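I am attaching a structure below and will ask some questions about it afterwards.
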Amino acid sequence: GFAACRRKFRLKWGSVSKYKSRDLLSILWGRDLREIWKEKVTVIEAVEDLVRKVKINLAHEWDGPAPEPGATEMSSLTVSDAELLRLATHYNIDTEGQDDEVFDTTRKILNMSLAETDRLDFEDQVWMPHVYDMPVWEKFQLGLVDESQDLNKVQQELVFRNCDRILLVGDDRQAIYGFAGADVA
């Protein structure tokens, strides 16, 4: 996924940041998060977790066409409150009763993340190729996936889109990446 993003967005090595969502929150709120950490810690952590979970579960929809890379206007990505609540419940993300603010902020950060193509977080490397319909590699006649029980939905989509036939090898009794969206089904 990173190689596809690097080609599409002309990224340099070192353009991956695990703090992308936090940086976008700072931009959205117009303040350094260190200044408001104590008063907003629940919102910050819940938004970061939900943004990750929406990306890896492809839990979003489009309310119009998908954006062009680097577009300055907000995209039309939407996620329903019901879907965000389902993800929060499934992954035990505590909003401490601040659902409205957390869900609204999550949607804003997801849309900002799409426009921020100069740097990626880990999930962007597999999510953006899906969103922008990028070829990850040349299409293979046969793809072999070991430990397939550990793939999350967006990783599965990358494999399905880029291989004509797929051989999956996995063990549903070794599924330990549920926290990362792995889906043994």
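The values are calculated or read from the model by the stated rules, or taken from the named source; none is laboratory data. Predicted model only: the values in this text are computed from it and were never measured. Backbone-built Cβ (ideal geometry, glycine too); neighbour counts: all protein chains shown. With ligands, DNA and RNA removed, areas are computed over all heavy atoms of the protein, side chains included. Shrake-Rupley method; radii C 1.70, N 1.55, O 1.52, S 1.80 Å.
Touching a Gly at 6+ places or on another chain (Cβ under 8 Å), modelled with pLDDT of 85 or more and among the acidic types (Asp, Glu) - does that describe any residue in region 152-161?
no
Please specify each residue of region 1-20 satisfying the condition of being open to solvent by less than 90 Å² (accessible area, probe 1.4 Å) and either closer than 30 Å to Lys139 by Cβ or modelled with pLDDT of 95 or more (or both).
Matches in region 1-20: Gly1, Phe2, Ala3, Ala4, Cys5, Arg6, Phe9, Leu11, Gly14, Ser15, Val16, Lys20.
Moving to a separate point now. Output the residues belonging to region 99-119 that are among the polar types (S, T, N, Q) and either within 14 Å of Val51 (Cβ to Cβ) or at pLDDT 95 or above (or both).
Thr105, Thr106, Asn111, Ser113
If I ask for residues that are at pLDDT 90 or above and buried (at least 17 other Cβ atoms within 10 Å of the Cβ), which ones from region 66-82 would you list?
The one that is at pLDDT 90 or above and buried (at least 17 other Cβ atoms within 10 Å of the Cβ): Val79.
Within region 107-116, can you find the residues that are closer than 17 Å to Leu84 by Cα and either open to solvent by 10 Å² or more (accessible area, probe 1.4 Å) or free of Cβ contacts under 8 Å to residues at least 60 places away in the same chain (or both)?
Within region 107-116, Arg107, Lys108, Leu110, Asn111 meet the criteria.
Just give me the residues in region 120-146 being modelled with pLDDT of 90 or more and of a type in the set (D, E, K, R), in sequence order.
Matches in region 120-146: Asp121, Glu123, Asp124, Asp146.
Can Leu168 be described as farther than 15 Å from Leu58 by Cα, over 19 Å from the mean Cα position of the chain (by Cα) and either of a type outside the set (S, T, N, Q) or modelled with pLDDT under 90 (or both)?
When the stated conditions are applied, Leu168 passes them.
Considering only residues that are farther than 18 Å from Gly1 by Cβ and either polar (S, T, N, Q) or in contact with a Leu (Cβ under 9 Å, 6 or more places away or on another chain) (or both), which ones fall in region 95-135?
Result: Thr95, Gln98, Asp99, Val102, Phe103, Thr105, Thr106, Arg107, Lys108, Ile109, Asn111, Met112.
Would you pick out the residues in region 27-49 that are open to solvent by 50 Å² or more (accessible area, probe 1.4 Å) and of a type in the set (A, V, I, L, M)?
Matches in region 27-49: Ile27, Leu28.
I've got another one for you. Out of the residues in region 117-159 that are more than 19 Å from Gly14 (Cα to Cα) and in contact with a Lys or Arg (Cβ under 6 Å, 6 or more places away or on another chain), state the one that is least open to solvent (accessible area, probe 1.4 Å).
Among residues in region 117-159 that are more than 19 Å from Gly14 (Cα to Cα) and in contact with a Lys or Arg (Cβ under 6 Å, 6 or more places away or on another chain), the one least open to solvent (accessible area, probe 1.4 Å) is Met134.
Same structure again: Pairs only if they're at least six apart or on different chains, beta carbon under 8 angstrom, first in region 23-39 and farther than 21 Å from Ala115 by Cβ, second of a type in the set (Ser, Thr, Tyr) and part of a loop (DSSP other than H, G, I, E, B); list them, first residue then second.
From residues that are farther than 21 Å from Ala115 by Cβ, there are no pairs.
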